[in-house]
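Please read the structure below before turning to the comments.
The values are calculated or read from the model by the stated rules, or taken from the named source; none is laboratory data. As the structure is a prediction and not an experimental result, all values here were calculated from the model. Positions of Cβ are backbone-derived with ideal geometry, glycine not excepted, and every protein chain shown enters the neighbour counts.
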Amino acid sequence: MRVPSMLLMPFVALFGLVSARSATGDRVLVVLESAAIKDDYSQFWDSLQQRGFELTFKEPKSKDAELVKFGEAQYDHLIMFAPTAKNFSPSISPKAILDSQFKGLNTLYILSPQLSEVQREHLREYDLEFIPSDLVLIDSFSHPSGESASTVLLPPTECAISNGAILSDTTLTGGPIAYPSGTVHSAGLNPYLIDVLHAPKKSYIGQDKILTADETEVVNAVGGKKSKDAVQTGKKASLISALQTRDNARAGFVGSGEVFSNKYWGKTVETVNGKKVETGNAAFVTDFTRWIFQETGVVKVVSTTHFRKGETEPREMYTKKDDITFSLTLAQHVTSENGTSSWGPFHADDIQMDFTMLDPHIRTAMIEDKSSNPADATTYKAKFIAPDRHGVFKFVVEYWRPGWSYIRTSSTASVVPLRHDEYPRFITGAWPYYIAAISTSVTFLAFVAIWLSLGEGDRDRKGKKKAE
């Protein structure tokens with residue numbers, strides 16, 4: 001028995017609403033360096049699958065691991081867990097990954113201190129430079145009791161970025177994040193990089209071994225006295241970074257793969273002070289991957305319009321000194337705890353609009369219009385007077401804030417001078433000329449009237465004298 005397709009449509013729509021939590025898709029390619037380590041991160045994989053993602057595991061040299069096939073993207077997200085790999089299949093090579101990122105591929109790089117030179121060169125494309133392979137982050141004052149000092153416990157209040165688009169309040173106020181045997185990198189001048197997690201102040205970079213009180217051994221471990229490289233510590237030592245392009249493709253760089261392991265996933269550890277605390281790795285990884293896979297921090301433009309005062313429809317041409325209203329509607333991607341995703345209102349108080357030709361002639365703040373806000377979006381409006389200059393202008397809105405989607409919208413309209421029949425009957429600034437012209441005319445008419453009246457009287461008197 002065939003079921004009518006119309007009856008299946010509501011169920012298909014409901015299934016799509018429940019399963020799709022990312023704004024860009026749910027297909028994830030996981031490139032694992034070794035299948036043997038897959039079970040050590042089972043809780044991480046399970047958390048992704050519970051969020052509706054479809055995971056496909058491949059090895060670096062797998063020929064069937066294709067990001068693009070016949071010009072179509074085969075995956076929406078990529079997890080590159082092959083820090084020491086030196087060879088890749090052409091379809092997932094560093095160049096292929098960069099090409100896919102230009103088309104919107106979101107990528108999570110899970111790294112380690114033993115980075116291959118191929119990976120180092122690839123990561124330099126993002127303006128990231130990593131420390132040598134034999135060095136790790138060490139903190140003798142903040143690590144689990146009984147473990148090496150290279151298993152650093154990072155308090156989120158001190159080391160994590162305070163950005164609601166990337167990390168939730170639960171993560172920022174939760175337990176320390178275990179960062180075992182992790183590498184450190186320094187970020188260049190790339191304006192699209194975001195420092196998500198940095199090293200604590202008392203940490204340093206050195207070899208993963210127990211040091212004695214010998215000063216020479218300590219100095220050699222941290223680079224030697226003659227080293228010309230700057231010592232990275234505190235905020236200068238980046239551990240986890242993120243990147244978002246102007247095309248809103250996202251990438252994350254995690255310097256320790258053990259952050260995702262089952263060993264520290266929601267486990268309780270004892271600090272060197274004897275205090276037992278629950279690690280915040282599970283909450284941090286969940287928030288970070290939600291941002292990378294575009295479940296959070298995603299904003300889109302629903303609509304834009306502009307119109308003159310007293311009207312509701314947009315115009316192709318406006319006149320100088322017109323009262324113009326520009327309206328922008330934005331929506332934020334929202335994912336609920338039960339697995340559904342939808343679009344909701346986006347509230348911000350720092351959105352600006354430029355009315356520009358070659359340079360911005362007018363830059364004004366956009367105010368939230370609470371009277372006309374739909375349930376699933378937010379409308380912002382800006383009111384201004386058209387400049388006293390004719391030409392082709394653009395309504396431009398650029399919103400670029402760390403963690404949020406990059407928004408840029410532009411629409412064009414012309415500003416023209418008044419036509420000959422559109423000028424006002426009387427111009428206020430010309431009243432002195434009006435008065436001068438009127439007074440001159442009145443004076444001339446009065447003079448003519450007086451002259452004529454005086455001339456007729458003299459002629460009559462002369463005529464009477466001649467008659468006599």
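Quick notes on this structure:
- Candidate set: the range 26-52, residues that are in a loop (DSSP other than H, G, I, E, B) and in contact with a Lys or Arg (Cβ under 8 Å, 6 or more places away or on another chain); chosen: the one surrounded by the fewest Cβ atoms within 10 Å (Cβ to Cβ): 52
- In the range 94-103, residue farthest from the chain's Cα centre (by Cα) [restricted to those that are more than 11 Å from residue 31 (Cβ to Cβ) and surrounded by 16 or more Cβ atoms within 10 Å (Cβ to Cβ)]: 96
- Positions within the range 338-356 being among the aromatic types (Phe, Trp, Tyr) and either in a strand (DSSP E or B) or more than 22 Å from residue 376 (Cβ to Cβ) (or both), in sequence order: 343, 355
- Scanning the range 391-415 for residues that are of a type in the set (Phe, Trp, Tyr) and at positive phi returns no hits.
- Residue among 23, 85 that alone is assigned to a loop (DSSP other than H, G, I, E, B) and touching a strand residue (DSSP E or B) at 6+ places or on another chain (Cβ under 6 Å): 23
- Exclusive hit being in contact with a helix residue (DSSP H, G or I) (Cβ under 8 Å, 6 or more places away or on another chain) and modelled with pLDDT under 95, set 225, 236: 225
- The range 288-318, residues that are surrounded by fewer than 21 Cβ atoms within 10 Å (Cβ to Cβ) and part of a helix (DSSP H, G or I): 290
- Verdict on residue 166 being β-branched (Val, Ile, Thr) and free of Cβ contacts under 8 Å to residues at least 60 places away in the same chain: no
- The set of residues from the range 173-197 being modelled with pLDDT of 95 or more, more than 29 Å from residue 207 (Cα to Cα) and crowded, with 18+ Cβ neighbours inside 10 Å is empty.
- The residue of the range 379-400 that is nearest to residue 324 (Cα to Cα), among those that are touching a His at 6+ places or on another chain (Cβ under 8 Å) and at pLDDT below 95, is 387.
Yes/no matrix, rows are residues, columns are (1) touching a Leu at 6+ places or on another chain (Cβ under 9 Å); (2) within 18 Å of residue 152 (Cα to Cα); (3) touching a residue at least 24 places away in the same chain (Cβ under 8 Å):
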site: 236; (1), (2), (3): no, yes, yes
site: 239; (1), (2), (3): yes, yes, yes
site: 262; (1), (2), (3): no, yes, yes
site: 275; (1), (2), (3): no, yes, no
site: 282; (1), (2), (3): no, yes, yes
site: 289; (1), (2), (3): yes, no, yes
site: 292; (1), (2), (3): yes, no, yes
site: 298; (1), (2), (3): no, no, yes
site: 301; (1), (2), (3): yes, no, yes
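- Condition met for residue 86 (crowded, with 17+ Cβ neighbours inside 10 Å, of a type in the set (Lys, Arg) and closer than 30 Å to residue 178 by Cβ): no
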